[in-house]
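Note sheet for the following structure.
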Amino acid sequence: QVQVKESGGGSVQPGESLRLSCVVSGLAFSQFLVTWFRQSPGKEREYVGTIGSTNEDAHVAEPVKGRFTISRDFGKNTAYLQMNNLQIDDTGVYLCYAGASSGHYWGQGTQVTVSG
């Protein structure tokens, strides 16, 4: 019943922006944490950011601080990752994770490619 689905990935050039969305269904949206990770072939999964029950309760990792912002829209049951000034090293599969007392739920990921 619980489903986590990311969208919004694509191919961009350095300096451009993307906004990723994570729709979580089957859970009360205010009762779980949303965390973004990213992974590239041959590299470990990397923490990107997390958000709790309010948009003020948000954190992003140091490598993306100042460029990425994480937020939630409770009316749409959606979490967002706004990625500005993208760089080649930001390339990877971006994964959304919902952590609740009932379990841990992962999306399939959305590809972000920064090149050119």
Filter pass, Ala61 being among the hydrophobic types (A, V, I, L, M, F, W, C) and crowded, with 18+ Cβ neighbours inside 10 Å
no
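Return the residues of segment 46-87 that are part of a strand (DSSP E or B) and within 20 Å of Glu16 (Cβ to Cβ); say none if nothing qualifies.
Matches in segment 46-87: Val48, Gly49, Val60, Phe68, Thr69, Ile70, Ser71, Tyr80, Leu81, Gln82, Met83.
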Single residue of segment 88-112 satisfying the filter (open to solvent by 50 Å² or more (accessible area, probe 1.4 Å) and either touching a Lys or Arg at 6+ places or on another chain (Cβ under 8 Å) or in a strand (DSSP E or B) (or both)) that is farthest from Thr35 (Cα to Cα):
Gln111
Pairing a residue in segment 86-98 that is within 10 Å of Ser40 (Cβ to Cβ) with any residue that is among the charged types (D, E, K, R) and open to solvent by 10 Å² or more (accessible area, probe 1.4 Å), where Cβ atoms lie under 7 Å and the two sit 6 or more apart in sequence or on different chains, gives Gly92/Arg38; Val93/Arg38
Residues that are surrounded by 14 or more Cβ atoms within 10 Å (Cβ to Cβ), without any contact (Cβ under 8 Å) to a residue 60 or more places away in the chain and closer than 21 Å to Arg45 by Cβ, drawn from segment 64-85:
Val64, Arg67, Phe68, Thr69, Ile70, Ala79
Conditions (1) part of a strand (DSSP E or B); (2) touching a residue at least 12 places away in the same chain (Cβ under 8 Å) -> Pro14 fails only (1)
Tell me, please, whether a residue that is modelled with pLDDT of 95 or more, of a type in the set (D, E, K, R) and farther than 16 Å from Val114 by Cβ can be found in segment 34-56.
yes
Suppose we keep only residues that are at pLDDT 90 or above and among the hydrophobic types (A, V, I, L, M, F, W, C) within segment 1-32. Which one would you say is surrounded by the most Cβ atoms within 10 Å (Cβ to Cβ)?
Cys22
Just one of Val23, Val4 is under 19 Å from Gly99 (Cα atoms), out of contact with any helix residue (DSSP H, G or I) (no Cβ under 8 Å at 6 or more places or on another chain) and assigned to a strand (DSSP E or B); which is it?
Val4
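The values are calculated or read from the model by the stated rules, or taken from the named source; none is laboratory data. Just so it is clear, the structure is predicted and the values come from calculations on it, not from any experiment. We place every Cβ from the backbone using ideal geometry, glycine too, and count neighbours over all the protein chains shown. In case anyone asks, the SASA skips ligands and DNA or RNA and just uses the protein heavy atoms, side chains included. Shrake-Rupley method; radii C 1.70, N 1.55, O 1.52, S 1.80 Å.
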